[in-house]
Amino acid sequence: MVALTAMGANAQIARSTMFQAPERENNIMWYIRAGVSINNAAANGNLKDTYKDDDGKTDTGLGSKAGYDIEFGFNKNIGSSDAYWGMEFGFGTRGYSQKFENVRSGNLTGNYTYTATSLEKNSLLAHRFKIMPLMFGYKYGITDKIKLDAHIGAWVSIDMAASYKEESEYSFTNTYDPDYNEFRSEKDSFGIGDLKNSDDEGYYNRFDAGIQAGIGVWYGRWNLDFSYERGFCSIYDFEKMYGKTDKSYSLAASNVLIRLGFAF
């Protein structure tokens, strides 16, 4: 009976330790966060103008691309307040997807009809190393164990590898003669080094820098965090890509991070 009581007490201590906020030396807390990165890209106004149709409507076709984010960092209280500063570094992704579809239909001779559909898709997923040399935040205690954590910081990153994929489809169907029906598709993929112009100059930009802001909740040692990060550097050098002197085009990272964290 004594042994069973001791085992139960030890299990209770282990459970409470898992959810208890760690004791901090010099008000420093180390942690790790990992989760999903919903990657997208934001085009500036000048680039958006190139996607305008005859009616003046703009559709860049941009969509999200799923990735990951793993960060290791620390934060240190500023004096005796609940505000803190800290640093982070880790690995993650940036990228986007893009899709355009055009459908045309009409009448042939007599009562026969046709439909022509073209579909173009491309996507980018880059794996990068990221460091946040300085961040600031504030933790608001709701209870002894539960705290809200708002934070903002600046980061820089470099892409280690990337995959750019292109896919196109074309179909033509008609009610006049099935022999004229047609379907064709093409797929291709490229690495960072393959993205070059006709002069063999690479136009992919490995480097990025930006701002990340987020809010999360701590329950003892555990943390659920939601953050948004915006890159300031264009993914592509459009001057080299299109051979134009206009440097005003920009397509930059725009990511949402959902991560689970644990403090040591």
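Annotations for the structure displayed:
- DSSP loop trypsin sites (Lys or Arg not before Pro) with at most 15 other Cβ within 10 Å excluded, longest remaining stretch of the chain: 146-243
- Label-to-label distance, nm, for residues given as ASP59 and GLU120 (7 Å Cα→Cβ offset): 1.4
- Restriction of the chymotrypsin sites (Phe, Trp or Tyr not before Pro) in the stretch 129-199 to DSSP coil positions whose beta-carbon has at most 14 other beta-carbons within 10 angstrom yields TYR176.
- Of GLY106, GLY191, PHE89, farthest towards positive along the dipole that unit charges on Lys, Arg, Asp, Glu beta carbons give the stretch 79-194: PHE89
- Stretching ASP82 away from SER189 to a fully extended chain increases their span by 33.7 nm, per 0.36 nm per residue minus the current alpha-carbon distance.
- Extension gain for GLU182-SER248 works out to 19.7 nm (0.36 nm per residue, less the C-alpha to C-alpha distance).
- Over the C-alpha trace of the stretch 126-264, radius of gyration and Dmax come out as 22.7, 76 angstrom.
- Calculated FRET value between ASN26 and ILE211, using beta carbons and R₀ = 25 Å, to 0.05: 0.35
- Value of [θ]222 nm, deg cm²/dmol, for the chain, DSSP H segments ≥ 4, -39500 (n - 2.57) each, nearest 500: -3000 deg cm²/dmol
- Gyration tensor over the Cα atoms of the stretch 110-169: the corresponding equivalent ellipsoid has semi-axes (square roots of 5 times the eigenvalues, largest first) of 49, 22, 9 Å.
- Along the chain, longest interval not containing exposed GluC sites (Glu not before Pro), exposed being DSSP loop plus at most 16 other Cβ atoms within 10 Å: 24-200
- Shape metrics for the chain, restricted to C-alpha atoms - Rg then Dmax, Å: 25.8, 95
- Listed residue pairs exceeding 26 Å between alpha carbons, taken from LYS57/LYS187; LYS57/LYS121; LYS65/LYS139; LYS48/LYS130: LYS57/LYS187; LYS65/LYS139; LYS48/LYS130
- Rounded to the nearest 0.05, the FRET efficiency derived from the C-beta distance between SER198 and ASN46 at R0 = 25 Å is 0.65.
- Given charges at Cβ of Lys, Arg, Asp, Glu: the stretch 151-252 dipole, positive-most of ILE211, TYR176, LEU251: ILE211
- When restricted to Cα atoms, the stretch 185-243 yields an Rg and a Dmax of 18.6, 57 Å, respectively.
No value in this document is a laboratory result; all are computed from the given coordinates. The shown structure was predicted, so the numbers you read here are calculated from the model rather than taken from an experiment. Glycine gets a Cβ as well: all are built from the backbone with ideal geometry, and neighbour counts include every protein chain shown.
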